[in-house]
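Down below is the structure, laid out as C-alpha cells.
The values are calculated or read from the model by the stated rules, or taken from the named source; none is laboratory data. Keep in mind that this is a model prediction, so the values were computed, not measured. When we count neighbours, we look across all protein chains shown, and the Cβ atoms used for this are built from the backbone with ideal geometry, even at glycine.
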Amino acid sequence: MISCNLRRMNVDVAFSVPKKLDCLIRRGKDKLEFRKQTNLVYQINCRECDALYIGQTKRSLETRVGEHRRNINLS
C-alpha cells in the first residue's frame, strides 16, 4: 500500500532482502599461513641467474619447497 501511494507521487520503491544472520557472523576456520596452503601454483626464481621454475602442488607449499631445496643440495 505504501509503495502504491509513493508511486503516485513519482517515487520509485526498491525492495531488498535483509542479510541473514550467518552472513553477518564470520564463521569458519582461521586462514592458513601462505606456506601451509595447498593446491597452489608457485614460482621459484633462481638466485644465481634469470631462470625461474613454475610448479603446481596439491601438498603444502612448505613441503614442496623443502623438496626443491633437498634436490638442490643433492646435486
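Taking helices (runs of 4 or more DSSP H) that fall entirely within the chain, which contain at least 2 residues that are modelled with pLDDT of 75 or more and of a type in the set (Asp, Glu)?
Fully inside the chain and qualifying: 61-74.
Which residue, of Arg35, Arg59, Arg7, Arg64, is surrounded by 10 or more Cβ atoms within 10 Å (Cβ to Cβ), touching a helix residue (DSSP H, G or I) at 6+ places or on another chain (Cβ under 6 Å) and not polar (S, T, N, Q)?
After ruling out the rest, the residue left standing is Arg35.
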